[in-house]
Amino acid sequence: MSLPKLSSPFLHSGASVTQIMLQVLAALVPGLAVISWYFGPGPLLNIIVAMIFALLGEAMVMVLRARAIVFHLSDGSALVTAALFAVALPPFTPWWLTAIGVMFAVIVVKQLFGGLGQNIFNPAMAAYAMVLLAFPKEMAAWTWPYGLSEKFNASAYLLQQIPDRVFDGISQATPLDDFDIRSTAGEIGDVILRGDLYGTAGGYAWETIALAFFLGGCWLLYKRLISWHIPVSLLLTVFLVSGAWYIADPNRYAPPTFHLLNGAVVIGAFFIATDPVTAPFTAPGKILFGIGVGILTVFIRLWGAFPDGVAFAVLLMNMVTPLLDQFSQPRVFGHR
Amino acid sequence: MGRHGAFRGGVHPPQHKTQSLSASIQSVAMPRILTVPLHQHIGTDAICLVKPGDHVLKGEKLARADGYVSAPVHAPTSGTVIAVEERPVPHPSALYSLCVVIESDGKDTWTTLTPAEDYTALNPSALRNLLREAGIVGLGGAGFPSYIKLNPGLDNPIDTLILNGAECEPYITCDDALMRERAAEIIGGLRILRHALQAQQCVIAIEDNKPAAIAAMEKAATNVDFPIHVQVIKTIYPAGSEKQLIYTITGKEVPSNGLPLHIGVVMQNVATTAAVFRRIAYGEPLVSRVITITGGAAVNAGNYRVPIGVAVSDLLGLKEGQQPALLLMGGPMMGISLPSMQVPVIKTTNCIIAVGQGEMPVSLSFRACIRCGACADVCPVSLLPQQMFWYARGRQFDRVQEYKLFDCIECGCCAYVCPSRIPLVQYYRYAKTEIWAQEREKRKSDAARQRFEARQERLEKEKRHREEKLKKRKQALLDKSPAADTNQSIAAAVARSKAKKTPSVDPDRHS
């Protein structure tokens, strides 16, 4: 009788990478649903295109690296990268832009660094930064959140047949962008915030989207897929730092609620900055990481060239992740 | 003694304890052949005292302890020694080791046993010696010779004696059964240990998933003239690990390179304590123990009192036509997988698990680490398992040690929760083994270098000596003819050489 030789432990909790990735995708559903409610089918199509090309890119690398395609694609990480990247895109993003961005994320940022778990930078955010710099016109193509009205035609979108003059009629800057331009031009903050675009607490549609991502994020916390350290420290830092400037000059700067509810702060705090591969894993390291992302996000928003700063803040903090881990090791049992 | 709360980390694997707890402890039929390894403990192998053909009685010493950290081995039954040879022993690599093979005579006759009538009359040293000669080692799984733990030395007064009845590993129930049925023996052993250590307080720690054992121990503890505290602890793996349990009970951390006695604590397993009692009260050396047989492929799940040396194949009843997917000795978290059923039960065997098909994952493929940190969250020692894995895999052994590899207790919590199913503990064992091998190599090369340097030094010294001697001689020669100037000495030398060349008859030479 021959018996297999294995090493202890022989039991396993049943947790799997695939399961974690699918749960992260599930936690994104409320946010995605609300985005589509306001911006039409565009965001969903972006995600589908992104997922297809992410899997394609991953499969190509697996072929080149002579690895088992199904085994590696089934980890689900490419799908999460695709979803997080696509969520950041305007609803009318042309499919080729989505494809280029997501292939860059999967092939260059992840696989060229060694694949799952080896990348230094958050793939979705690195890809977002790349397309933002490379295709500024397409990346600014946000619209008024009309909802699921007749103005959105999925096939027209897919075939890139929305003529510029039609698009001009529906395009609209995001609240972050709008406030940035107008307050820099000297308009009083309070007056700007009274516009329809700014909704009840910070941005029409955007505040609801933020709430939906917040709910999904809380579910991740409840399922212990993420720990509280990064979301709490990040959100608190954004609140305090933007609040400090608001108190100093309320006419020039937006209130902290505006900063929390607009752009990528909430989804960033729960879904992006918490990416385990590129964030620290010690508790003090996570807190410092969250604080760093929070400060950089607000500073880029207030004085940077871009309306939002979450992507660049995350990428900058990714660089110091090994350092944070190195200097925040826990005390080992029995060592004084 | 207040509750200090649990240690950090830990996991809650499914218990699987009920299937082996349906009946009380049973005995087994004495098999014809018993194989008794000489290495059943931590430390050096015992030295064999018998040869093939010898007739031995049950309890007779087969091998004596070799040095301080070692333990003697006794005959588990009466019979004839038929071989003293290398046989497969319980080891994951199917290692062979020296064993005394006994053919039972079926009579199971005890040798003359000498109980200690009044152990309180014995001083701690004499008491320790009795236990040492009885071959008693830690039965919880480690197999550390118990008498050493009873010798803390004058610098380490023992405040607390803790009996470990936590039994936190899934499947295993032998300590539970023993506490239920032999509580008096355990309390008897506790009295003896307390006397040997002069301990101030006594605690029996039991996980809260064993209410019957807790009740039995509490009942037995009431008839004693000193306070015994039965402390119920939360069921969490690895609550029974020595350092973690001491922390749970006392709130004190055993220092990284230290022993429990350095913080005034001694811990003994409950089964070990019962064995101590049997030695002192009945004179019995350690020749049998209670083990759990369980697992999906076993038909005879339960607890058994088993003579040391019985082959696993003689104990385990398998379901018809079913080959176990795995055969484990010890628990599923820290046990070893046996390569065959032809290995004997030894002193540290607490459990045999015949794992049914599909009962435990036997997948060998794993994914890359996603640094999720689940391993660090459950590590009871606060290590960073993912970093240790990273460096162990990259063979950066100095870095692994910086991450405190040698504080790892190999409990397996990290691998249990790892979503990538990385065999983390295997990597740590690998790193430890490599480091030990490197250190051995280094010691060897250091010794060689020292030898070489010593030789060089010796040669140098000899050379120096020679030169000095030469110089002295020269000096002495010069001193003898201090006035002679160079020309004179040259002339003298020429004259000498001429004289040599001139053939002359030397009367002495030809005499």
- Surrounding charge for B:ALA297, neighbours by C-beta under 14 angstrom, Lys/Arg +1, Asp/Glu -1, total -1
- Message: Taking beta carbons within 10 Å but only from partner chains, what does the mean come to for residues A:13-19?
- Response: 6
- Item | Proximal lysines to B:LYS469, defined as alpha-carbon separation beneath 30 angstrom and excluding residues fewer than eight positions away on the same chain | B:LYS461, B:LYS480, B:LYS498, B:LYS500
- Query: Quick one: Cα centre-to-centre distance for the range B:374-397 and the range A:259-336, in angstrom?
  - Reply: 22
- Message: Past 19 Å, Cα to Cα: identify those pairs from B:LYS404/B:LYS432; B:LYS17/B:LYS234; B:LYS17/B:LYS149; A:LYS286/B:LYS404, in the order given.
- Response: B:LYS17/B:LYS149; A:LYS286/B:LYS404
- With a sphere of radius 9 Å drawn around the Cβ of B:GLY165, what net charge do the other residues whose Cβ falls strictly inside it have (Lys, Arg +1; Asp, Glu -1)? -3
- Query: Cα to Cα, under 19 Å, and not fewer than 8 places away if on the same chain: which aspartates and glutamates meet these conditions relative to A:LYS137?
  - Reply: A:ASP164, A:ASP168, A:ASP177, A:ASP178, A:ASP180, A:ASP308
- Query: Whole-Hz Karplus ³J(HN,Hα) for the range B:371-380, in order, using 6.51 cos²θ - 1.76 cosθ + 1.60 and θ = phi - 60°, x for Gly and Pro?
  - Reply: 6, 5, x, 4, 4, 5, 5, 9, 5, x
- Neighbour-count order for B:CYS414, B:CYS351, fewest beta carbons within 10 angstrom listed first: B:CYS351, B:CYS414
- Item | Net charge over other residues, Cβ less than 11 angstrom from the Cβ of B:ILE422 (K, R count +1; D, E count -1) | +3
- What's the exposure ranking of B:LEU163, A:LEU44, B:LEU131, going from fewest to most Cβ atoms within 10 Å? A:LEU44, B:LEU131, B:LEU163
- Message: At 27 angstrom or more along the helix axis (alpha-carbon based) and mean Kyte-Doolittle of -1.0 or higher, what helices does chain A contain? Whole DSSP H runs only.
- Response: A:17-39, A:42-64, A:229-248, A:283-303
- How well do other chains shield peptide A:310-323, expressed as the mean number of their Cβ atoms within 10 Å of each residue Cβ? 0
- Item | Distant-in-sequence amide H partners of A:PHE333 (H built 1.01 Å from N, under 5 Å) | B:SER382
- Taking every residue of B:362-369, the Cβ atoms of other protein chains inside 10 Å of its Cβ average out to 5
- Where does each of B:LYS469, B:LYS58 land when they are ranked from fewest to most other beta-carbon atoms within 10 angstrom? B:LYS469, B:LYS58
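FYI, it's all coordinate maths here, none of it is from the lab. Note that this is a predicted model, so its numbers are computed, not measured. Here the Cβ is made from the backbone with ideal geometry for all residues, glycine too, and neighbour counts use every protein chain on show.
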